Amino acid sequence: MKKGLGILLSLALTVGILLTGCSSDGAGSGSPQKITVYTVAGGDEYYKDVLVPMFEKAMKGKYKVEYGRSTPQELINKIKAQGKNGNIDVVISGVDALPIGMKQGLWEQILPKYGKELHADELNELSQAYVKKFDGYGIPNKTGPAGPVLAYNKDKVKQPPKTYEELKQWVKKHPKKFMYAAVPSSGPSRAFFFGLAQSMGEDYNKVESLNKTWSYLEEIGQNIDLYPSKTSDSFNYLYDGTVDIIPHSPLWAAMLKATGTLPPNIGLIKLTDAKTVVDSHFYVMPKDLPEDRKKAALEFIGFALSKEAQAQQLATGAIPSNKNATPDLILPQYKDDYKKIIDSVIPEFKDGDMMIIPKGDGVLFPDPDPMNQIYKTWEEKIQSKK
């Protein structure tokens, strides 16, 4: 009897161990499968606070998202160090980490292979252009105007410059009252630079030809005190009256105005002698994920690119990449936020109740190699003089 009982206990223990082992990754145990999502492009106010809870609720306990932040280079290094044992499933990238990872063979080419799952046929025109530019290794989540626009102190500047030439003349007459943040680290300053190259009739993808652009920056640089490393520092210098004009970003400024962060004496004006530089965020998937994790990653990205999820970005001051994501799809709790934002957008970037980039007005960021060369040359020619 004792021997039989011992055999039964031993058998029960063995079965228990086997069952525990089978369910250690969450599969088959009723516990949610983990999806690890990292952003190297910021955007917590949408990705972390809106999208992730919305996805988890819609999946009814199937998935649990682990959300993290990093810088582009730190994340690239982490993925390379982890190799095939990595734990990152989805990366949200700007126009920096995507091409760097492509060059190093880190990303899965998700389009056209997964176009149906990822709503590729619903992408707007500028998003399609970015898909083509990066050979389908990333799919845009949003495409918005980075500039060039100027923010100015309405109490001090009664007739703000509307062109780069007018700005140059204004800077001459008002030394030390214009500033822009460091080009390599500031979105509005990058748009200011790429807009300047356009206004000079030069191609920013051909860095060796940017003679007029560099001459312009050297000339106005004689009347600029410093180039802050952070965009937010240039905002503060404008707000406290140290300077009277800086580059800004139209929807970022609208968001700040809607939330009461932008002082009421700050105005915004688009520079008319350059097309709008289009910035973007992308969903990217590391290469060679195990099939179960790849399936989960694609399900997350597919949900994130649905018109229902995309529409919620409108309330954070972003233009969705899905052309069918319209204001009527915004959830009730975000509708007031969107109304405040759309009321704060300058006329050039809205049409009725929609934020827009006017058709034919958008240009893409340069390719990675010329962009890095521009950053290096700007540091050598311009920043080093301070």
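Yes/no per residue for (1) over 17 Å from H248 (Cα atoms); (2) without any contact (Cβ under 8 Å) to a residue 12 or more places away in the chain:
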| residue | (1), (2) |
| --- | --- |
| Q169 | yes, yes |
| M179 | no, no |
| P184 | no, no |
| F192 | no, no |
| G195 | no, no |
| Q198 | yes, no |
| E202 | yes, yes |
| N205 | yes, no |
| E208 | yes, yes |
Note on P145: of the conditions (1) in a strand (DSSP E or B); (2) out of contact with any helix residue (DSSP H, G or I) (no Cβ under 6 Å at 6 or more places or on another chain), unmet is (2)
Test result for A41, surrounded by 15 or more Cβ atoms within 10 Å (Cβ to Cβ), out of contact with any helix residue (DSSP H, G or I) (no Cβ under 7 Å at 6 or more places or on another chain) and modelled with pLDDT under 95: yes
Just one of the numbered conditions (1) surrounded by fewer than 17 Cβ atoms within 10 Å (Cβ to Cβ); (2) farther than 28 Å from E291 by Cβ; (3) among the aliphatic types (A, V, I, L, M) is not true of A81; which one? (2)
Check whether at least one residue in region 163-178 is assigned by TED's automatic domain parsing to the domain that holds K376 and closer than 25 Å to K359 by Cβ, and report yes or no. yes
Do you know which of the residues in region 303-355 that are among the acidic types (D, E) and surrounded by fewer than 17 Cβ atoms within 10 Å (Cβ to Cβ) is nearest to D279 (Cα to Cα)? D351
Can you tell me which residue within region 157-196, out of those that are among the charged types (D, E, K, R) and touching a strand residue (DSSP E or B) at 6+ places or on another chain (Cβ under 9 Å), is surrounded by the most Cβ atoms within 10 Å (Cβ to Cβ)? R190
Flag if K158 is basic (K, R) and free of Cβ contacts under 8 Å to residues at least 60 places away in the same chain: yes
Criterion violated by P358 - all others in (1) surrounded by fewer than 21 Cβ atoms within 10 Å (Cβ to Cβ); (2) outside any loop (DSSP other than H, G, I, E, B) satisfied: (2)
Determine the pairs where a residue that is over 19 Å from G138 (Cα atoms) and without any contact (Cβ under 8 Å) to a residue 12 or more places away in the chain, located within region 30-56, has a partner that is β-branched (V, I, T) and assigned to a helix (DSSP H, G or I) with Cβ atoms under 9 Å apart, the partner being 6 or more residues away or on another chain. D49/T316
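Yes/no matrix, rows are residues, columns are (1) more than 27 Å from I110 (Cα to Cα); (2) part of a helix (DSSP H, G or I); (3) touching a residue at least 12 places away in the same chain (Cβ under 8 Å); (4) not assigned by TED's automatic domain parsing to the domain that holds E108:
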position	(1), (2), (3), (4)
A309	no, yes, yes, no
Q312	no, yes, yes, no
Y334	yes, yes, yes, no
K339	yes, yes, no, no
I342	yes, yes, yes, no
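So that you can scan it fast, the table gives a plain yes or no per residue for (1) closer than 30 Å to G302 by Cβ; (2) of a type outside the set (A, V, I, L, M):
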{"site": "K132", "(1), (2)": "yes, yes"}
{"site": "D135", "(1), (2)": "yes, yes"}
{"site": "P140", "(1), (2)": "yes, yes"}
{"site": "V157", "(1), (2)": "no, no"}
{"site": "K162", "(1), (2)": "no, yes"}
{"site": "E166", "(1), (2)": "no, yes"}
Give region 276-302 a look and list any residue that's surrounded by 19 or more Cβ atoms within 10 Å (Cβ to Cβ) and assigned to a loop (DSSP other than H, G, I, E, B), or say none. M285, L289
K206 meets each of (1) buried (at least 17 other Cβ atoms within 10 Å of the Cβ); (2) over 20 Å from V157 (Cβ atoms); (3) of a type outside the set (F, W, Y) with one exception, condition (1)
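The values are calculated or read from the model by the stated rules, or taken from the named source; none is laboratory data. None of the values given here were measured: they were computed from a predicted structure. Backbone-built Cβ (ideal geometry, glycine too); neighbour counts: all protein chains shown.
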